[in-house]
Every structure is written in C-alpha cells, then in structure tokens.
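Notes follow once the structure below has been shown.
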Amino acid sequence: MQKEVKYRVIYGDTDCGGVVYYANYLRLFEIGRTELVRSLGISYKEIEKKYKIMLPVIEVWVKYKASAKYDDYLTIYTEIKELKQRKITFFYAIKKEEKTLVEGYTVHIPVNEEGKPVKFPQEIYTLLEKGIKS
C-alpha cells in the first residue's frame, strides 16, 4: 500500500537560497508516515496513549535529486518496506508532478515508556501488516 499526501511548500521550509532546507525533508517524511499509519486505522497518538509505546527513528537515509522551492506543490509517497516484530522501515519519495526530488527511508523500533525496545503489540502489528499486503 502506498499513501499519497499533498503538501504546499511554505516560506519557512526554505533556506536563504530559496530552496527547501535539506533537513525539512525529514518533516515531510514524518507527514507521510503519520498519514500512512492513520490510514491503516490507528494514529501515532493512539499508539503512544493506548499502548504506551513510541516509534523513534534509529536510522535515516536520504538521496536528494532536485530541489523544491517556495510554493511548490509536492506529493509525498510513503509505503512500508519492511515489518518485523521489533522494527519497521518506511520508504518515501517526494515528487513535484512526475519528477522525483527526494527519496529515502526511515527505520523505527517500538520502545516502551522507559525507552527499552519491545515487540509491537499484536494489534498494532496486524494493522501495520495490512500496509504491506494491500
């Protein structure tokens, strides 16, 4: 399953050169990831409140191919590339029209309130698994 989210670049996303500041693409990854998880039937907020787990990023990779600028209308494509009991990997592509500007991935692990790695609760794992099989 691939989730698409539209995003209009705001002035605050850009650097003094008028292009999207490189680190702000990680925010766009987060927008895509959050909406993909929500589309599977659970929100990040619910995961934290109900299940008492968080999903910190433990690895990130980004390849910049072209720049986005103020007021560009982008599409953030997000999908789950790998799901294991103790790890999930999301892949992203950010495009302007058909042109890919940025690609990347993030790896997350579920941790409890003390910050210790744990397995995904079965209910969450099952929901996330739908994102791969769809």
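The values are calculated or read from the model by the stated rules, or taken from the named source; none is laboratory data. All of these numbers come straight from a predicted model, not from anything done at the bench. Glycine gets a Cβ as well: all are built from the backbone with ideal geometry, and neighbour counts include every protein chain shown.
Kindly indicate whether any position in segment 113-132 is of a type in the set (Val, Ile, Thr) and assigned to a strand (DSSP E or B).
Looking through segment 113-132, none of the residues is of a type in the set (Val, Ile, Thr) and assigned to a strand (DSSP E or B).
Exactly one condition in (1) closer than 29 Å to VAL9 by Cα; (2) exposed (fewer than 14 other Cβ atoms within 10 Å of the Cβ) is false for ASN112; which is it?
Answer for ASN112: the failing condition is (1).
Inspect all residues belonging to segment 83-93 and state whether any of them is under 30 Å from GLY17 (Cα atoms), out of contact with any helix residue (DSSP H, G or I) (no Cβ under 8 Å at 6 or more places or on another chain) and either surrounded by 12 or more Cβ atoms within 10 Å (Cβ to Cβ) or at pLDDT below 95 (or both).
Looking for residues that are under 30 Å from GLY17 (Cα atoms), out of contact with any helix residue (DSSP H, G or I) (no Cβ under 8 Å at 6 or more places or on another chain) and either surrounded by 12 or more Cβ atoms within 10 Å (Cβ to Cβ) or at pLDDT below 95 (or both), one finds at least one in segment 83-93, hence yes.
Return yes when ILE10 is farther than 24 Å from LYS130 by Cβ, in contact (Cβ under 8 Å) with a residue 12 or more places away in the chain and β-branched (Val, Ile, Thr) and no when it is not.
yes
Do any residues in segment 13-41 that are more than 27 Å from MET1 (Cβ to Cβ) have Cβ atoms under 6 Å from those of residues that are acidic (Asp, Glu) and loosely packed, with under 15 Cβ neighbours inside 10 Å, where the two are at least six apart or on different chains, and which pairs are they?
TYR21/ASP15
On the basis of being closer than 18 Å to LEU128 by Cα, part of a helix (DSSP H, G or I) and modelled with pLDDT of 95 or more, does THR106 make the cut?
Answer is no for this residue.
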